Structures are given as structure tokens and as C-alpha cells.
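Here's the structure, in C-alpha cells; my notes come after.
The values are calculated or read from the model by the stated rules, or taken from the named source; none is laboratory data. It should be emphasised that the depicted structure is a prediction, and the values quoted were computed from it without experimental measurement. Quick reminder, even Gly has a Cβ in these numbers, built from the backbone with ideal geometry, and neighbours come from all protein chains shown. Protein only, heavy atoms only, side chains kept; ligands, DNA and RNA dropped before computing areas. Shrake-Rupley method; radii C 1.70, N 1.55, O 1.52, S 1.80 Å.
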Amino acid sequence: MSEPKIGRVLVASLHQAIHDLMPTRGEFYEDWLSPRRIRQGKVGRARVAGAISFLRKEGECYSAVVDRAGRYAVDWTVGDLAPVERLMLRRLPRSLRVRGILRASARLIRNLHEVAQLDFTVRHGAGVVRLDGSLFCDVREPPGRPLCGFYGGLLKRYFEFFDVSCEVQISRCRGTGEPSCELLLDTNHSDF
């Protein structure tokens, strides 16, 4: 049985965020996330999980790093959307644009980690995103805080890219013992 594929963008964005926000710790994380292995696409789930495990022990830096990594993942991949799709998303009415952004986000997340699955509902000015298979939330013992900030940063940046202001709040996290992760979206408008 083969190991689930980890997308190179996920690894590279995590690597870059660590170097940006914790430059003195970057060398430590190179054992797991070496640039050579990233370029070759040879960073597997075990290496990424190891880096994330140590990153969780960095305290508040963890949240900042994974949020920034999620934003980088969008910045580096949104150009891969077909030009017609990007144009259409920008011109859709806000209610349809929100759903289109969430569909595009779901595809990106699936490409970053093939076992990750994003489902969403949007109703009455609020969105609920359910995420199964989060690599960031695989823990032996539940910590005292949510761990899926990568996806929160990713979603927020995707909405920003298409000119929709959005607040993202983690309401449930599989890492804290919940059955799946759940993020609440608020676009500050009730015209969904």
C-alpha cells in the first residue's frame, strides 16, 4: 500500500514560513524539510508529520507559521487556476463567488494532501467548512488548542485573492479530540 501523497507546495510553504518567522530555527527543520528533497518531491508524510510535531512544541510560533504557510500555498498556486476560472470567480455575484472560492479551495487542499477532504455549506451569511484528513491534526495526545490553522490561513487568503473579506474561526479540531475539523466563515455580508 502506498503512502498518501503530500504536495510539494504544502512542504515548500511550510519550509518558507518557518524560515520567515523562525529564522534561527530553520536549520533544525532542514532535517525534515530539506530544499533538495522538496525540489525532488521526496518529502513524505512521515517527514512532514515529524516537522509539524516539533513545530507544535514551539508555542505561539506554531499558529503563526502554519497560518503563513496556508497563505503561501494559495499565493503559489492560484496562478494555476485556468485564466477563465479566475476571471469568472472575480465577476460572479458575491453569493456564487463564495461557493466558487470554496470549491477551488477544496481542490487545492486535495492536491496538497490526497487524503484531506473539504466539504462546506453556506447559508444565511455564514459558511461552515468541514475538513477530514488534516495532516496537521494527527496527534497522539490532544493539545489544548486547535491545530488546523494552516487551512484557516489558506481559506482566508483565497477569499482575499478574490476580493471577499472573510473571517475564519476554528470551531472544532480533530487534533483536540473532535471527529473532524470545522471552520466557521464570516464574510461580513448576509447576501450568500
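Numbers below:
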| read-out | value |
| --- | --- |
| Sequence-separation-based contact order of region 1-71, relative, with Cα cut under 8 Å and 6+ spacing, percent | 45 percent |
| Helix-only mean residue ellipticity at 222 nm for the chain, each DSSP H run of n ≥ 4 adding -39500 (n - 2.57), per residue, nearest 500 | -15500 deg cm²/dmol |
| Length gained when the stretch residue 145-residue 184 is fully extended (0.36 nm per residue, less Cα-Cα span) | 12.4 nm |
| Region 1-106: trypsin sites (Lys or Arg not before Pro) in DSSP coil with no more than 16 other Cβ atoms inside 10 Å | 5, 42, 57 |
| Per residue solvent-accessible surface (Å²) - region 1-82, probe of 1.4 Å | 52 Å² |
| Span-rule helices in the chain, defined as complete DSSP H runs reaching 24 Å or more along the axis (Cα) with Kyte mean at least -1.0 | 60-77, 94-112 |
| Loop-resident sites, region 129-192, for trypsin sites (Lys or Arg not before Pro), counting at most 10 other Cβ within 10 Å (DSSP) | 140 |
| Two-site FRET efficiency, residue 88 against residue 114, from Cβ-Cβ distance with R₀ of 25 Å, rounded to 0.05 | 0.40 |
| Cα centroid separation, region 46-111 to region 148-191 (Å) | 10 Å |
| Distribution of pairwise C-alpha distances over the chain, 10 Å bins, in % | 9, 38, 36, 15, 2 |
| Theoretical gain in end-to-end length, residue 25 to residue 46 [0.36 nm per residue, Cα-Cα removed] | 5.6 nm |
| Segment residue 160-residue 123, extension gain: residue separation times 0.36 nm, minus the distance between their alpha carbons | 11.3 nm |
| Shape category assigned to region 85-126 from the gyration tensor of Cα positions, a/c cut at 1.5 | oblate |
| Global form of region 27-87, assessed from the alpha-carbon gyration tensor, a/c cut-off 1.5 | oblate |
| Sulfur and carbon atoms: percent of accessible area, the chain [1.4 Å] | 49 percent |
